[in-house]
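A.B. asks: Can you read through this structure? Questions will come right after.
The values are calculated or read from the model by the stated rules, or taken from the named source; none is laboratory data. Note that this is a predicted model, so its numbers are computed, not measured. Neighbour counts are summed over all protein chains in view; Cβ atoms, including those assigned to glycine, are modelled from backbone coordinates with ideal geometry.
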Amino acid sequence: MVVINFFRDLLGFRKNSPYVKNYLNDANIRSSIYMAFIIVVLEIWLIIRQTTEYIIPDWDNAMLTQNAFQYVFSYISYYLLFIVVGASMFLFALFYYNNKLYKKAEFITNIITASISILWIFFLIPQDLGKTTIDKFTTVFLYSLLPLMGSLIISHSIYKRLKNKNNTYLAISIIVVFAAVCLVFGIKFGYSDFISKSRPKMIICFLTMILFVACLLIWKPYISIIILTTIFVIFSNMLKNYSTLEEGNRIFLDGDEINYITFLISLTMVTISVYQQRVTEALKDERLIHDAVFDDLSGIHNIKHFYSNINLHKELNNDYYNNKICLFINIFNFRTINDQKGFQIGDEFICNLAKKTTEIFKLDHVSRISDDHIVVLTSIDGFMDKIDILKEEVKKLSNGLFVQLKVGGCKPNNDESLNRTIDKARYACGLIKRNPEITYIEYDDKMDDRFKKRQYIMNHLEEAIEKEWIKPFYQPVVWSDTKELCGAEALARWIDPTYGFLSPADFIPLLEDVRLIHKLDEHIINMVCKNMRQALDENKTVVPVSINFSRLDFELMDVIQVLKNATEKYNINKDYIHVEITESALAYSIDILNNIITTLKKDGYAIWLDDFGSGYSSLNVLKDFMFDVIKIDMKFLSNFEKNERTKDILDCIIMLANRLGMKTLTEGVETKEEADFLNEIGCGRLQGYLFGKPFKLEEFEEKIENKELIVSKKIL
Ligand code: C2E
Ligand code: CA
Ligand code: CA
């Protein structure tokens, strides 16, 4: 079996993929450019030779005996034939490669080819047929090659016009005809030189043509073997026949035969090795292209291919977007799968989702853009039915876990980049994330303002940081017993020249969505240290500041280094910076965070647990980490008055924290009753509108200055 396979592969009986076929075909057309060029030059040289050797010396005589035009053509018609064939091939190959040139130049090629073919058939063949040295059949065959090639070139361009694409079969046929022309040319001139009295045994022309066809063009090995053997058999037989007919110095010796066979064998080996090498190259290329076009995880097209493919369609058809809609597909709660079943199952889910989507949107463009997000460009007709089918599939794939299909749609148009259309579809999709009743929503004008604001925020983040439109506001944190100031929380605010005051709700979730949040947080860290340094230099009282870190910060930047850089640059004592990490962050990336938190603590930063009680893994988090302070989420206080149990829960949480050796802070304190109660149950720190909203730096400092906020002696 191994041996059979070896020979099957060696002789080229293995079926090649369309890509490899195209690759070899393209390589052939490329080689044909050079071959055709050389043939044209060679023929011109032969015409010049013929003219100086026969036509000019015999000119007077010719004028006397026959029509001068016919006289000239009887000498150079063969050469002209090959010039035309070579030139057509050359032009064809050239235009085949250049799509833009193609449109303009194929017309010229067609006209030239057609007119010369007609000239050939009606004028030169009949007048030359009588004087041929080879038999009539070969001559007719030889002459018919040109019109054949001409008609192939013309039908190729017509086909291309009709179908709007390259036709490889016609290209292959043109090459085959071209190769045949070369071989016939080689035989004819090799033979005529052999029998000529003045230049016996000049068969270099024959050998050159064989080398051209066999080595520059790539055939499957078994085809090369057939071509070479046939041509050699025909040619050596012609020579043998001649030498038995005519005696004298033009004999075909045994030695010649051996030379021919050796040459045939070595040439065959060369062609096989060239073929194998090209196929290996093509396969390597194919793999590279595959990787560039397909998504690693799901195996469906990647987004780059999505864009380029659609752009290609659009270039060919300006109305391509008519009746089309772009869909952004997202799986709500996808994280549950990763969390509960592990990443491998999560990946499998994405793979299956991608495959199902491609199956359902069979004739459309489908690509995975990131995570569990897939984009589709589909026809408006019936796309809702397809979404319904996909919804059912998602239900099946989810295996009982609560995940839901969410789809946002947006109609593309020529005035807007596809990228932006996808963004709009994504935006629309985000709006129905938390509504279990709705699966599909289409982007509309009403969403436009909010969407534009979002785009604005994304596009202006760098500028807002650079120009300090984004800055920290400071919200007081007080001791619950004395109500004296013991710290502040830095909360980002964006004061924009166009949109005015932007609150974190406008930009934090968005920046997390697009994975740019670390830029903002790095900026806030720097600003906090900078503000603190300035206050210290001006001999103002400073209090420790807690800074909010997003879960993604730990993935997107080196938090330890960023903090180190800022505190060193502004020479800030690490005691004065607290790191706030939300409970949900810890639930998702426990491994990465574990190390970082340990290092941060070792470096001397206090670690505060933000939003305790807002998620569903609060107690777990307490088990795994030792926090300096737990910030209890203000949601607990939302119906403080009415619900007695709220108080009990708070009481227990604080007891629990004390037991674990962690300090407590409750945020969102708005009334005196709440503050009194929290003090009573032993919550150490309080934060909320009752003690002050987040203030601008100047305002915060002013309040300290005029003793509206009294800084406690006990700070840490
Ligand atoms: P958070 O860390 O829980 O911040 C507390 C939020 O509660 C702040 O909202 C604050 O203004 C608000 N707040 C304070 N006291 C009261 C009160 O008595 N009653 C009520 N109803 N609200 C109060 P803000 O500033 O809008 O920030 C919202 C969230 O945005 C923050 O929640 C935090 O998660 C995030 N955030 C803010 N600044 C940054 C930042 O620089 N980086 C990161 N990564 N996130 C930030
Ligand atoms: Ca916070
Ligand atoms: Ca909080």
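A.B. asks: Which one of these does Glu580 not meet: (1) more than 16 Å from ligand 2 (Cβ to nearest atom); (2) touching a strand residue (DSSP E or B) at 6+ places or on another chain (Cβ under 6 Å)?
C.D. replies: Only one criterion is unmet by Glu580, namely (1).
A.B. asks: Let me ask something additional. Sort through Asn573, Asn548, Asn539, Asn565 and tell me the only one that's more than 28 Å from the chain's Cα centre (by Cα), in contact (Cβ under 8 Å) with a residue 40 or more places away in the chain and in the same structural domain as Arg685 (by TED's automatic domain parsing).
C.D. replies: Asn548
A.B. asks: Right, here's the next one. Take the conditions polar (S, T, N, Q), surrounded by 15 or more Cβ atoms within 10 Å (Cβ to Cβ) and farther than 30 Å from Val403 by Cβ and apply them to Thr271. Does it pass?
C.D. replies: For Thr271, the condition - polar (S, T, N, Q), surrounded by 15 or more Cβ atoms within 10 Å (Cβ to Cβ) and farther than 30 Å from Val403 by Cβ - is met.
A.B. asks: Got a number for residues in segment 288-302 being surrounded by fewer than 18 Cβ atoms within 10 Å (Cβ to Cβ) and either of a type in the set (A, V, I, L, M, F, W, C) or assigned to a helix (DSSP H, G or I) (or both)?
C.D. replies: Qualifying residue count for the region: 8.
A.B. asks: I've got another one for you. Across segment 362-389, what is the total count of residues that are within 13 Å of Phe328 (Cα to Cα) and surrounded by 15 or more Cβ atoms within 10 Å (Cβ to Cβ)?
C.D. replies: Of the residues in segment 362-389, 14 are within 13 Å of Phe328 (Cα to Cα) and surrounded by 15 or more Cβ atoms within 10 Å (Cβ to Cβ).
A.B. asks: If I ask for residues that are closer than 17 Å to Asp449 by Cβ and in contact with a strand residue (DSSP E or B) (Cβ under 8 Å, 6 or more places away or on another chain), which ones from segment 409-424 would you list?
C.D. replies: Cys410, Lys424
A.B. asks: Return a yes/no flag: does segment 680-699 have any residue that is surrounded by fewer than 14 Cβ atoms within 10 Å (Cβ to Cβ) and within 16 Å of ligand 2 (Cβ to nearest atom).
C.D. replies: yes
A.B. asks: Now a separate question. Quick one: how many residues across segment 661-701 are within 54 Å of the chain's Cα centre (by Cα) and not in a loop (DSSP other than H, G, I, E, B)?
C.D. replies: So the answer is 14.
A.B. asks: Could you list all residues from segment 512-524 that are within 16 Å of ligand 2 (Cβ to nearest atom) and at pLDDT 95 or above?
C.D. replies: If the condition is that a residue be within 16 Å of ligand 2 (Cβ to nearest atom) and at pLDDT 95 or above, then Ile517, Leu520, Asp521, Ile524 are the ones that fit.
A.B. asks: Determine whether segment 465-478 contains at least one residue that is in contact with a strand residue (DSSP E or B) (Cβ under 9 Å, 6 or more places away or on another chain) and part of a helix (DSSP H, G or I).
C.D. replies: No: segment 465-478 contains no residue that is in contact with a strand residue (DSSP E or B) (Cβ under 9 Å, 6 or more places away or on another chain) and part of a helix (DSSP H, G or I).
To keep it simple, each residue is scored yes or no on (1) at pLDDT 65 or above; (2) under 30 Å from Tyr23 (Cβ atoms); (3) surrounded by fewer than 16 Cβ atoms within 10 Å (Cβ to Cβ); (4) touching a Leu at 6+ places or on another chain (Cβ under 6 Å).
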position: Ile48; (1), (2), (3), (4): yes, no, yes, no
position: Glu53; (1), (2), (3), (4): yes, no, yes, no
position: Ile56; (1), (2), (3), (4): yes, no, yes, no
position: Trp59; (1), (2), (3), (4): yes, no, yes, no
position: Ala68; (1), (2), (3), (4): yes, no, yes, no
position: Ser88; (1), (2), (3), (4): yes, yes, no, no
position: Tyr97; (1), (2), (3), (4): yes, yes, yes, no
position: Lys103; (1), (2), (3), (4): no, yes, yes, no
position: Thr109; (1), (2), (3), (4): yes, yes, no, yes
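A.B. asks: Also, I was wondering about something else. Kindly indicate whether Asp591 is of a type in the set (Asp, Glu), assigned by TED's automatic domain parsing to the domain that holds Leu665 and either crowded, with 20+ Cβ neighbours inside 10 Å or farther than 19 Å from Ile524 by Cβ (or both).
C.D. replies: Against the criterion (of a type in the set (Asp, Glu), assigned by TED's automatic domain parsing to the domain that holds Leu665 and either crowded, with 20+ Cβ neighbours inside 10 Å or farther than 19 Å from Ile524 by Cβ (or both)), Asp591 qualifies.
A.B. asks: Looking at segment 525-544, is at least one residue within 16 Å of ligand 3 (Cβ to nearest atom) and either outside any strand (DSSP E or B) or at pLDDT 95 or above (or both)?
C.D. replies: No.
A.B. asks: Could you list, in sequence order, all residues of segment 554-581 that are away from ligand 3 (no atom under 16 Å from the Cβ), buried (at least 20 other Cβ atoms within 10 Å of the Cβ) and not β-branched (Val, Ile, Thr)?
C.D. replies: Matches in segment 554-581: Phe554, Leu563, Ala566, Tyr576.
A.B. asks: Still on this structure: Determine, yes or no, whether Gln455 is closer than 30 Å to Glu674 by Cβ and either free of Cβ contacts under 8 Å to residues at least 40 places away in the same chain or among the polar types (S, T, N, Q) (or both).
C.D. replies: Spelling it out, it is not the case that Gln455 is closer than 30 Å to Glu674 by Cβ and either free of Cβ contacts under 8 Å to residues at least 40 places away in the same chain or among the polar types (S, T, N, Q) (or both).
A.B. asks: Would you point out which residue out of Ser584, Ser614 is modelled with pLDDT under 80, within 13 Å of ligand 3 (Cβ to nearest atom) and either in a loop (DSSP other than H, G, I, E, B) or buried (at least 22 other Cβ atoms within 10 Å of the Cβ) (or both)?
C.D. replies: Exactly one of Ser584, Ser614 is modelled with pLDDT under 80, within 13 Å of ligand 3 (Cβ to nearest atom) and either in a loop (DSSP other than H, G, I, E, B) or buried (at least 22 other Cβ atoms within 10 Å of the Cβ) (or both), namely Ser614.
A.B. asks: Mind checking which pairs have a first residue in segment 483-494 that is more than 13 Å from Leu665 (Cβ to Cβ) and within 11 Å of ligand 1 (Cβ to nearest atom) and a second that is modelled with pLDDT of 95 or more and assigned to a loop (DSSP other than H, G, I, E, B), Cβ under 7 Å, 6 or more apart or different chains?
C.D. replies: Leu491/Pro694; Trp494/Trp469
A.B. asks: Can you work out which of the residues in segment 274-287 that are touching a residue at least 60 places away in the same chain (Cβ under 8 Å) and buried (at least 16 other Cβ atoms within 10 Å of the Cβ) is nearest to Lys362 (Cα to Cα)?
C.D. replies: For segment 274-287, the residue satisfying everything is Glu286.
A.B. asks: Mind listing whichever residues of segment 529-578 are within 15 Å of ligand 1 (Cβ to nearest atom) and out of contact with any Lys or Arg (no Cβ under 9 Å at 6 or more places or on another chain)?
C.D. replies: Val545, Ile547, Asn548, Phe549, Ser550, Arg551, Asp553, Phe554, Val559, Val562, Ile577, His578
A.B. asks: Answer yes or no as to whether Ile441 is touching a strand residue (DSSP E or B) at 6+ places or on another chain (Cβ under 8 Å) and under 22 Å from Ile350 (Cβ atoms).
C.D. replies: no
A.B. asks: Related question: Return the residue satisfying two criteria in turn: it lies in segment 495-524 and is within 16 Å of ligand 3 (Cβ to nearest atom) and within 22 Å of Asp449 (Cα to Cα), and of such residues it is surrounded by the fewest Cβ atoms within 10 Å (Cβ to Cβ).
C.D. replies: Once the filter is applied, the top-ranked residue is Ala505.
A.B. asks: Tell me which of these Arg454 doesn't satisfy, since it passes every other one: (1) surrounded by fewer than 19 Cβ atoms within 10 Å (Cβ to Cβ); (2) outside the structural domain of Asp521 (by TED's automatic domain parsing).
C.D. replies: (1) is the only condition that Arg454 fails.
A.B. asks: When you check Trp479 against the structure, is it buried (at least 20 other Cβ atoms within 10 Å of the Cβ) and over 25 Å from Leu405 (Cα atoms), yes or no?
C.D. replies: Criteria not met by Trp479.
A.B. asks: Scan segment 303-321 for residues that are surrounded by fewer than 17 Cβ atoms within 10 Å (Cβ to Cβ), in contact (Cβ under 8 Å) with a residue 12 or more places away in the chain and out of contact with any strand residue (DSSP E or B) (no Cβ under 8 Å at 6 or more places or on another chain) and jot them down.
C.D. replies: Lys304, Asn311, Lys314, Leu316, Asn318
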